[in-house]
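Since the structure comes first, as structure tokens, the remarks are kept for the end.
The values are calculated or read from the model by the stated rules, or taken from the named source; none is laboratory data. Here the structure is a predicted model, which is why all the values come from computation and not from measurement. When we count neighbours, we look across all protein chains shown, and the Cβ atoms used for this are built from the backbone with ideal geometry, even at glycine.
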Amino acid sequence: MSGQAFVDQLKQKFGDKITGANLENVDPWIEVTPDGIVDVCQYLRDEPSLAFDYLNSVTAVDYLHTDEKKAAKSEWQPHLEVVYHLFSMQHKHSLVLKVMLPRWQNEEVGKLPQLATVSHIWQTADWHERELYDLLGVEFIDHPNLRRILCPEDWVGHPLRKDYEMPLEYHGIRGR
Amino acid sequence: MTATIDDPRVIEFDVRTDEMLVNMGPQHPSTHGVLRLVLRTDGEIVSEVTPHIGYLHRCAEKIGENLTPRQWIPYTDRMDYLAGMNMNLGWSLAVEKLMKYEPPEKGRHLRVIISEMGRIASHLVGMGAYGLDLGTFSPFLYAFREREKILDLFEEACGARLTYSYLTVGGATADLPPGWLHKCSAFLDQFEPLIAEYHTLLTTNAIFVKRAAGIGIMSPEMAIDYGTSGPVLRGSGVDHDLRRDGEEIYTAMYDGYAFEVIVEKNGHYPKDHIYPQIPSEAVLGDCWHRFYVRMLEVIQAIDLVRQGIEYYSTATGSYGEPVKLNQKLPVGEAYLETEAPRGQMGFYLVSDGSPIPWRVRARSSSFCNLSVTGPLCAGCLIADVPAIVGSLDIVMGEIDR
């Protein structure tokens with residue numbers, strides 16, 4: 001199945017929950033609204049003609065220019081993109097989903113953006129979402145065990161955010 | 001009723017066992033690096049295992065956002081330090097996918113030879129270390145004896161023994177030195193008959209079969225659900241190998257190569273007739289099968305290297321010069337998974353058009369493989385925990401990144 005066929009099928013099923021697609025990129029992607037992601041994922045896995053039973057990875061990209069001059073020229077507003085890479089063992093086809101999130105919930109700095117978990121659909125998402133929470137600061141609602149996974153539990157901040165600053169010290173260990 | 005000492009069995013029944021938390025690691029000898037497992041035990045039975053990871057975390061992805069792709073190659077060797085060549089290859093291919101670059105014919109065969117040799121070296125460590133986990137030391141020495149020769153060959157090709165940075169974006173940093181192919185095939189000829197020795201030492205060894213067969217059974221559905229890959233996935237009977245089923249840019253590397261995916265079909269593995277039969281205690285998806293898939297993949301890799309040597313020696317042209325260090329990347333993003341010895345190693349990069357990627361991500365195969373330890377170990381004996389974790393053949397450098 002090709003990119004356009006996926007978009008058509010999903011648009012027919014979910015309508016305006018599919019907000020866009022980029023088919024020119026080397027890996028075409030489909031954009032889904034934050035409130036539609038669980039339904040779309042459930043459908044993608046359960047529909048026999050799609051059968052996306054394997055989740056390769058869940059990750060996110062932080063879009064923020066820390067340099068003011070670059071920010072003024074930039075084409076996009078600061079935001080977070082959560083990226084899902086799916087694969088079907090049966091049909092051997094793959095798909096990329098994207099969800100756009102604000103960097104902070106309601107523009108309140110420090111309040112993490114929220115997204116529904118897909119860990120009940122694919123177990124892989126359990127650890128991947130924990131890693132995402134740890135390194136990029138996305139809070140997954142209804143996740144069974146949302147704790148930091150790579151950083152220590154008392155770590156402050158989310159290191160893969162573009163505006164993250166290394167702490168000066170951690171338990172007597174010098175940073176920076 | 002009060003117990004009397006006359007009947008010893010009564011006392012046995014009267015023993016109260018309390019739930020106890022046992023901490024395994026992070027410096028436990030059988031955890032393949034700094035992995036900490038917290039076991040909730042009731043006597044000898046483990047009811048829950050919680051892995052704690054991150055002791056080697058250095059946020060390599062953040063470092064990647066400050067370096068050009070070729071500069072990040074050395075960081076990829078240090079992830080899976082037992083299969084550095086395969087990691088270099090995975091990252092190089094992901095960048096080449098974004099750049100829409102196709103390596104020359106000779107470079108393609110060079111990559112097959114090198115990455116399959118890397119697979120042999122990695123599976124040898126996997127085998128030896130698994131023996132150590134189960135309490136036998138000698139297979140480890142046998143495995144390292146042969147691995148040493150592969151490392152010598154790698155050293156001759158690129159100067160390093162572990163952290164190679166040899167395969168790179170565009171091809172490789174240098175061509176194979178003169179006479180290398182001859183030494184390589186001499187090694188394969190000498191190495192192939194020794195595999196029977198490993199099978200006597202471990203695969204069919206009665207104690208080994210008792211320790212590994214029928215333990216840690218994972219169904220194919222569970223293997224897919226948890227995103228496991230590589231020998232762990234194929235050991236559960238899922239017919240999936242990226243060298244055959246992967247994306248075109250990766251499968252094109254193996255164009256013209258004849259090989260069969262190592263997976264059980266109707267009670268048989270490809271080429272298992274050369275080796276002893278599957279013991280009756282073994283159940284598909286258990287530790288023994290995961291181990292056996294690795295052993296057969298060594299033979300498969302020998303075969304592929306031999307074919308590669310033949311292709312390479314007749315190929316003409318360049319081996320693939322590396323791209324410029326500050327080569328600008330096209331705007332866009334690419335994700336590519338390759339079949340590393342431990343499973344599907346994925347690399348994702350996002351570029352805004354500058355030479356330095358905007359975002360770099362490594363999807364670790366061992367990370368997903370380790371996530372099944374909890375459900376796999378529930379209900380097993382404490383002594384089986386190292387047997388199960390060892391059969392997943394994890395490398396912590398790759399999990400923690």
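When only residues in segment B:147-178 that are of a type in the set (A, V, I, L, M, F, W, C) and part of a loop (DSSP other than H, G, I, E, B) count, which is nearest to B:H123 (Cα to Cα)? The qualifying residue nearest to B:H123 (Cα to Cα) is B:L162. Anything in segment B:214-257 that is over 22 Å from B:C287 (Cα atoms), assigned to a loop (DSSP other than H, G, I, E, B) and modelled with pLDDT under 90? List them, or say none. Residues satisfying the conditions are B:G246, B:E247, B:D255, B:G256.
None of B:L93, B:L56, B:L89 is within 14 Å of chain A (Cβ to nearest Cβ), under 21 Å from B:V360 (Cβ atoms) and in contact with a Ser or Thr (Cβ under 7 Å, 6 or more places away or on another chain) except B:L93.
Residues checked against (1) in contact with a helix residue (DSSP H, G or I) (Cβ under 9 Å, 6 or more places away or on another chain); (2) in a strand (DSSP E or B); (3) touching a residue at least 40 places away in the same chain (Cβ under 8 Å); (4) exposed (fewer than 15 other Cβ atoms within 10 Å of the Cβ):
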| residue | (1), (2), (3), (4) |
| --- | --- |
| A:G15 | no, no, no, yes |
| A:E31 | no, yes, yes, no |
| A:V40 | yes, no, yes, no |
| A:R45 | no, no, yes, no |
| A:H65 | yes, no, yes, no |
| A:K69 | no, no, no, yes |
| A:Q77 | no, no, no, yes |
| A:V82 | yes, yes, yes, no |
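If we scan segment A:85-93, do we find a residue that is exposed (fewer than 14 other Cβ atoms within 10 Å of the Cβ), within 14 Å of another protein chain (Cβ to nearest Cβ), in a helix (DSSP H, G or I) and of a type outside the set (V, I, T)? No: segment A:85-93 contains no residue that is exposed (fewer than 14 other Cβ atoms within 10 Å of the Cβ), within 14 Å of another protein chain (Cβ to nearest Cβ), in a helix (DSSP H, G or I) and of a type outside the set (V, I, T). Taking first residues from segment B:384-401 that are touching a residue at least 40 places away in the same chain (Cβ under 8 Å) and within 14 Å of another protein chain (Cβ to nearest Cβ) and partners that are surrounded by fewer than 24 Cβ atoms within 10 Å (Cβ to Cβ) and among the basic types (K, R), the Cβ contacts under 8 Å between residues at least 6 apart in sequence or on separate chains come to B:G397/B:R78; B:D400/B:R58; B:R401/B:R58. When A:F52 is tested against (1) part of a loop (DSSP other than H, G, I, E, B); (2) at the interface with chain B (Cβ under 10 Å from one of its Cβ atoms); (3) closer than 27 Å to B:S351 by Cβ, just one condition goes unmet, and that condition is (2).
With respect to the conditions (1) touching a helix residue (DSSP H, G or I) at 6+ places or on another chain (Cβ under 8 Å); (2) of a type outside the set (D, E); (3) more than 12 Å from chain B (Cβ to nearest Cβ), A:G172 lacks only one, and its number is (1). Within segment A:122-139, residues that are of a type in the set (A, V, I, L, M, F, W, C) sit with their Cβ atoms under 7 Å from residues that are part of a helix (DSSP H, G or I), at 6+ positions apart or across chains, in these pairs: A:W122/B:D225; A:W127/B:F367; A:V138/A:L132.
This table checks each residue for (1) farther than 21 Å from B:V350 by Cα; (2) at pLDDT below 90.
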{"site": "B:L35", "(1), (2)": "yes, yes"}
{"site": "B:E44", "(1), (2)": "yes, yes"}
{"site": "B:S47", "(1), (2)": "yes, yes"}
{"site": "B:Y55", "(1), (2)": "yes, yes"}
{"site": "B:C59", "(1), (2)": "no, yes"}
{"site": "B:I63", "(1), (2)": "no, no"}
{"site": "B:L67", "(1), (2)": "no, no"}
{"site": "B:W72", "(1), (2)": "no, no"}
{"site": "B:Y81", "(1), (2)": "yes, yes"}
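Inside segment B:216-265, residues that are surrounded by fewer than 19 Cβ atoms within 10 Å (Cβ to Cβ) and on the phi > 0 side of the Ramachandran plot make up a count of 2.
Scanning segment B:99-126 for residues that are surrounded by fewer than 24 Cβ atoms within 10 Å (Cβ to Cβ) and farther than 19 Å from B:L176 by Cα yields B:M99, B:K100, B:Y101, B:E102, B:V125.
If you go through segment A:106-137 and keep only what is under 22 Å from B:D225 (Cβ atoms), within 14 Å of another protein chain (Cβ to nearest Cβ) and touching a strand residue (DSSP E or B) at 6+ places or on another chain (Cβ under 6 Å), you end up with A:W122, A:T124, A:A125, A:H128, A:E129, A:L132.
Hey, can you tell me all the residues within segment B:29-51 that are buried (at least 17 other Cβ atoms within 10 Å of the Cβ) and either out of contact with any Cys (no Cβ under 6 Å at 6 or more places or on another chain) or without any contact (Cβ under 8 Å) to a residue 40 or more places away in the chain (or both)? Answer for segment B:29-51, where residues must be buried (at least 17 other Cβ atoms within 10 Å of the Cβ) and either out of contact with any Cys (no Cβ under 6 Å at 6 or more places or on another chain) or without any contact (Cβ under 8 Å) to a residue 40 or more places away in the chain (or both): B:S30, B:T31, B:H32, B:G33, B:V34, B:L35, B:R36, B:L37, B:L39, B:T41, B:P51. Please determine whether any residue of segment B:266-285 is more than 30 Å from B:M99 (Cβ to Cβ), within 14 Å of chain A (Cβ to nearest Cβ) and either in a helix (DSSP H, G or I) or at pLDDT below 90 (or both). No, segment B:266-285 contains no residue that is more than 30 Å from B:M99 (Cβ to Cβ), within 14 Å of chain A (Cβ to nearest Cβ) and either in a helix (DSSP H, G or I) or at pLDDT below 90 (or both).
The set of residues from segment B:330-341 being buried (at least 24 other Cβ atoms within 10 Å of the Cβ) and either among the small types (G, A, S) or modelled with pLDDT under 90 (or both) comprises B:A334, B:A340.
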